[in-house]
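Worksheet for the structure shown next.
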Amino acid sequence: MMKKLTISFAMLVFFISIMILSPFSSKDLFAADGDSLFSTYKVHTINIRFSQPNYWDSLIYYYNQGLEQYMSATVIANGITFNNVGVRLKGNSSFTHPNNKKAFRLGFDEYVSGQKWNGMKGVHLNNFWNDPSFLREKLHLDYCQANNIAAPRGNFVRMSINDTLFAFYSLVEHVDKTFLTSRFGSSNGDYFKAVDGIGTGADYISDFRWLGADSTLYYNNYELKSNLTNGPWKKLLTFIDTLNHTGDIATMLPAQMNMEPYYKTMAIDNVLGNLDSYIFSGRNFYIYFKPPTNKVDWIVWDATLSFGALPGGPLNIETLPITYVGSDTGRPLFSRIVNNPALKHEYLLALCRVYNTKFTTAALFPKIDSIVNLIRPYVYEDQRKMFTNQQFETNVISDITVSGRRIPGIKSYITLRRTSIQSQLNALGIDCSTGIDPNGQETVNTFELYQNYPNPFNPSTKIEYSLTKQTGVTLVIYDALGKQVTSLVNNELQNSGFYTVEWNGTDNAGNSMAAGLYFMKLSVGDGSFESSVTKKLVLIK
């Protein structure tokens, strides 16, 4: 007993010393919920075992009745067994996927309070409807993460039902209180989800138009996900009233909404051609009234049709105007921004920040190739997929035409879209590479450090960063106690551009480092001024 106590005390002292001596926050020293599911490209395994003999008929019946009714099943996820997991079908257009490849929602805590899979109470299994590349959702969500946008994380799943291979799916984090806490540090605020009302006959849309002062007029247009009281609806109506009726939108809207994340989200939707979103279809988002100010924060949802895959969307998506909005009157939360000179200017600066160094072939093509090489065998073995193996291979690179409709290729879209955006920015006199617009205002940050990949890694990992102007650069690796391990870039004068540095898990002397948590710190400056950013990385053996 004494020996066990001594070991426990020693471990406690070790962790306390790390927290005290490390120059990094204690939050960075521990893995966040879902990290093992989403922190690196991976195909997870899920086997759903139903005991009910007619489970499929029941799943279909509940869906057709409009009931979010779960069925109990045993779920084996990455070899771990979870009993009494809630399982139901979900989706709108995706429900029409051929070969019974429906999208699923898993609620690990639906019947067992507190049950979680790596900290996740629930996850979504999406079916790649209308995406021959199998890449769109993952690329879009990762792009949002890289730009510090509140968006769910995504990965991949090889799914079986009753021990028989069923199909290949995307794995997506659920937006719930766990999500809100991880992104905003609070889950006590009210939040709404945009409705999937298209095709219901009335076509209810979460468009933020003013319908009147009676809150019941909005019940079909917005789905309240928090407390069922009048308070949340009053907040929503106040926001919509201000948006539609104020004469000083440039002052009043920022007083009620966190604008920078919203600007960046709209810019990413535009850059990546994600029109099944607010700017066109008027759906696939959440809004969160973050306490104590109750300012609105935007949350991304469902990017499965990004990169121009939305049927019925604008033609020639690669040349979409960078201030595009589907309807000036029907989408006031964006149309009022692009029609106000001050807010439009701020939006274009945000577009610069998400576009300039990240939306490049150098930044995206290697990641695309890595993901494709990972998922190819799983795509090929999926007998329920919507497209052929050849269409998968082709659409990664270039367009395909199906039933007379063009689906843009991922790589060809990136190349053509960047050319179009650059031309539009040039016409407006905005040079994102220098960070200065014609009025001399700063448009982009001086630098940005991206998350290394792969992470966790063994034996080596790539670290990427971008610069918007010439500056001195230092890139250092530290261990968890804050001791310098190695210097990868040592006060070098570098020009604007995108840089990739590889670390092979060794120190300055070439000695292999032990498995564990490390930190990369990028510092830039000219001697009179220095700024830095730090991210964690994990070495495994």
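Observations
- Within region 29-62, the only residue that satisfies the criterion of being at pLDDT below 50 and surrounded by 15 or more Cβ atoms within 10 Å (Cβ to Cβ) is Leu29.
- Residue match in region 199-219 (condition: closer than 28 Å to Gly312 by Cα, in contact (Cβ under 8 Å) with a residue 40 or more places away in the chain, more than 21 Å from the chain's Cα centre (by Cα) and in the same structural domain as Leu139 (by TED's automatic domain parsing)): no
- Flag if Gln424 is outside the structural domain of Pro314 (by TED's automatic domain parsing), assigned to a helix (DSSP H, G or I) and not hydrophobic (A, V, I, L, M, F, W, C): yes
- Taking residues in region 175-198 that are in the same structural domain as Thr238 (by TED's automatic domain parsing) and without any contact (Cβ under 8 Å) to a residue 12 or more places away in the chain, and partners anywhere that are buried (at least 16 other Cβ atoms within 10 Å of the Cβ) and among the β-branched types (Val, Ile, Thr), the pairs with Cβ atoms closer than 9 Å and at least 6 places apart or on different chains are Ser187/Thr178.
- Segments classed as strands (runs of 3 or more DSSP E), wholly inside region 110-211, with at least 1 members that are surrounded by fewer than 19 Cβ atoms within 10 Å (Cβ to Cβ): 154-161, 164-173, 190-194
- Members of region 222-272 found to be part of a loop (DSSP other than H, G, I, E, B) and either closer than 24 Å to Asn188 by Cβ or in contact (Cβ under 8 Å) with a residue 60 or more places away in the chain (or both), listed by number: Lys225, Ser226, Asn227, Leu228, Thr229, Asn258, Leu272
- Residue list for region 510-524, restricted to those being touching a Ser or Thr at 6+ places or on another chain (Cβ under 9 Å) and farther than 27 Å from Leu364 by Cα: Ser512, Met513
The values are calculated or read from the model by the stated rules, or taken from the named source; none is laboratory data. Every value quoted in this text rests on a predicted model; they were computed, and no experiment measured them. Glycine also receives a Cβ, built like all others from the backbone with ideal geometry; neighbour counts cover every protein chain displayed.
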